[in-house]
Amino acid sequence: MKQVLKYFSVLLLTIVAVSCSSDDASTELKELIVKVDKMTVEEGEVVKFSAVDSNNKIIEGADYFINNVKVSNPYKFVKSGTYNVVARKNGYNMSSPKTILVGRVLNKRLELVASKAEIVAGDNVTFQVLANGEPVTDYYIEVMGRGILLGDTWTSLTEGTFKLYAFKGEYLNSNVVTIKVKDKPIDENQFFSIVDEKYGIGEVQFAAHVQAEDDANIKPYHYTDKATGKKFQVYELVSINRVRQALTSYLIGVYVADNETKFIYPSSAKPTDVFSIGGVGVVGNNTTVSFNAQDIAEVNIDWIKPIAPFDPTNPDKTSKGEINYNIITKDKKLQVVYKGEFKGLSFVPIKKETKSVKQAFSISF
C-alpha cells in the first residue's frame, strides 16, 4: 500500500516460516592483524601485505584494502601521501589500519579524543581530533568495519564494543578509541522475557491486518472462524527492543459483522467479541517462542487511553495511546509486563484468500 503501509520499522510479514541469517549475531569473529613489509616508501615502490591472527599465525586468503578500495598484493604506490591498509576475511573482524607513508609527507600523528568511553544505546559521543595538541579540521573518523562518520558525533542503537580512529591525508592515523554501548537499565514496568532472558521495552506498536490488494483504501482484513463461520479482524500488540533486536507480538481477534468496513479496535469492541489468538517471541532472526491461545496462562489488558479511530482521509497519521498489559504463557517461556505509551495504527498486509492467522514473522531491524 505504497508508503501508507508502515511496518513500524520492524517489518512484520505474515508468512509460514522464519528465514535465518547465515550471519548469526552470536557468532564470535576472530582477530585479524595486517602486516606490511615497509611502512615508509618512495613513489613507485612496491609494498607486500600479509595477515596473521592473534597468535601470529599466517592467515591465507585475506583481501586487502587501501582507503576502503580493494587492491592487489603486492601493491605499487605511485603517488605521495598517507595510505591506510586493512585486511578483511570472512570469519574475522576487519583488522586495525596500518599507515604507509609515501614520498614527502608530514610525520605527525593525529589524536582522537572521545567525550565518553561507555554509553547507553541512543546516547551520543562527541569526538575531537588534534595534532600536537591543536585542533585539526577536514579529517575523517571511521567506525571500524562500519563506515565513515558524517561529522564529529556518533551513536549506536545496538549493544556492543566499537572501535574508531581518525585519519587525514599527510598525517599518521590516530589512536584507536574503543566505545562500549550497553542497553538501558530495565524498567520493571516495561519488559518482556523470552526463555528466561529479560529485555527492556523501547516501544510498543499497535497494528491491524489489512487487505493487501487495496491500494486506494485501507480496509481491515476479515478472517473467518472455521467453527462458527463468524468474521473477525486481527490486531497485534508488538513490544520491541531495538538495541538487542528482540520483540514479542500478541495477536488479538475481534468478531465483527460480515459487512463491517471500519476498524473495530479491541478497546472499543464488546468484551465478549474479543479473544486471544496467540503470539511469538523473536530474538534476532529466530522465532524462539510461539504460542496459541490455549498456551496462555494469563493475559490482562487495560486500554487506559485508546488510540484515535482510524481516519481514512489521513491514513499515515500516527496516534498515541496508553496501555497497561501483561501476558504470561503456561510454560513461562514468554512474559510481557508493560505500562506506558503505545503507537498506532500500523498495518500488516494480508493477501486475499488467506484462511488462517500465521504466527511466524520475518523481521528486519
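Calculate, in nm to one decimal, what Thr137 and Ala293 gain on full extension: separation in residues at 0.36 nm each, minus their alpha carbon distance.
50.1 nm
Please give the residues of segment 285-308, grouped as numeric ranges, whose backbone N is less than 15 Å from a label point set 7 Å along the Cα-to-Cβ vector of Lys339.
300-305
Could you put Ile66, Ile327 in order, starting from the residue whose Cβ has the fewest other Cβ atoms within 10 Å?
Ile66, Ile327
FRET efficiency for Val46 and Asn286, Cβ-Cβ distance as r, R0 = 45 Å, nearest 0.05?
0.40
With r as the distance between the Cβ atoms of Asn324 and Asp152 and R0 = 35 Å, compute the FRET efficiency 1/(1 + (r/R0)^6) and round to 0.05.
In this case the efficiency is close to 0.25.
Whole Å is fine, so just give me how far the alpha carbon centre of segment 128-153 lies from that of segment 232-254.
Their Cα centres are 40 Å away from one another.
Greater than 21 Å separation of Cα atoms is the criterion. Which listed pairs, Lys184/Lys330; Lys89/Lys168; Lys38/Lys76; Lys30/Lys76, meet it?
Flagged as over cut-off: Lys184/Lys330; Lys89/Lys168; Lys30/Lys76.
Quote the FRET efficiency, to the nearest 0.05, computed for Lys355 versus Asn217 with a Förster distance R0 of 25 Å and r equal to the Cβ-Cβ distance.
It comes to 0.65.
By how many nm would the segment from Thr224 to Asp311 lengthen if fully extended, with 0.36 nm per residue of separation less the alpha-carbon distance?
Using 0.36 nm per residue and subtracting the Cα-Cα distance, I get 28.8 nm.
Sum up the charges of everything whose Cβ sits under 10 Å from the Cβ of Ala121, counting Lys and Arg as +1 and Asp and Glu as -1, but leave Ala121 out.
Residues close to Ala121 contribute a combined charge of +1.
How high is the relative contact order of the chain, in percent, with contacts defined as C-alpha pairs under 8 Å that are six or more residues apart?
17
Can you match Cα Rg over 2.2 N^0.38 Å to one of these, (1) 1.64; (2) 1.29; (3) 1.13, based on a calculation from the structure here?
(2)
Laboratory data are not the source of any read-out in this text; all were calculated from the coordinates shown. What you see is a predicted model; the values in this text were computed from it and never measured. All Cβ positions, even for glycine, are placed from backbone atoms using ideal geometry, and neighbour counts span all protein chains on display.
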